[in-house]
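Please treat every number below as a calculation from the coordinates, not as lab data. All values derive from a computational prediction rather than experimental measurement. Quick reminder, even Gly has a Cβ in these numbers, built from the backbone with ideal geometry, and neighbours come from all protein chains shown.
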Amino acid sequence: MILSDKKILEEIDKGGILIEPFRKDCLGTNSYDVHLGKYLATYQNRVLDAKEHNAIEEIIIPADGLVLEPNTLYLGVTEEYTETHHHVPFLEGKSSIGRLGIDIHATAGKGDVGFCNTWTLEISCIHPVRVYAGMPIGQLIYFSVEGDIQNYYNKKRNAKYIDRTIKPVESMMWKNKF
């Protein structure tokens with residue numbers, strides 16, 4: 001079941017959900033709008049290797065925006081830091097972003113219960129488009145969980161994305177054993 005606006009506010013009051021900064025005008029009927037942070041990154045190499053640590057180059061979005069180009073994967077980050085202790089957060093792109101030809105996640109739209117961080121975005125576009133730091137980029141939707149949680153993400157010994165950051169984080173696939 002998806003949490004309503006009133007239920008999201010109740011969970012924030014109880015400490016089950018944290019959104020920093022929180023702005024009430026970003027709360028929708030059953031979601032919360034998140035914004036593009038000022039940091040982007042691209043991979044240094046065109047060919048990526050899943051078994052290797054692939055280096056990234058940082059980009060700071062200037063005040064007059066940055067044009068994203070097709071055929072490039074940009075790692076972005078939300079301005080908002082979030083914590084979710086009892087619900088499953090889903091990050092979806094806003095329809096206005098989709099109508100500009102921007103996709104904000106390739107596969108990682110679902111967070112885990114216990115995820116506490118900013119959200120790294122996997123941004124791609126189908127034609128050149130100018131983006132700006134602070135623009136609405138997505139919306140968080142919270143789902144109820146049935147049953148008790150045994151393995152919270154922020155308590156897992158092998159969790160790879162738990163260090164608090166304001167910058168996008170590259171793939172840590174290379175830390176897996178395969």
Take the alpha carbon atoms of the stretch 84-127, find their center, do the same for the stretch 5-23, and report the distance between the two centers in whole angstrom.
19
Rounded, prolate or oblate, given the Cα gyration tensor of the stretch 43-95, with a/c below 1.5 counting as rounded?
oblate
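How big is D, in µm² s⁻¹, for the stretch 89-129 by Stokes-Einstein at 37 °C and 0.692 mPa s if Rh is the Kirkwood radius over C-alpha pairs?
In µm²/s, the coefficient is 294.
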Are there any trypsin sites (Lys or Arg not before Pro) in the stretch 84-178 that are in a DSSP loop and have at most 16 other Cβ atoms within 10 Å? List them by number.
Arg99, Lys156, Arg157, Lys160, Arg164, Lys177
Restricted to Cα positions, what overall size does the stretch 72-143 have along the principal axes? Three whole-Å values, descending.
39, 19, 19
Please compute the Kirkwood hydrodynamic radius of the chain from all pairs of different C-alpha atoms, in Å with one decimal.
17.0
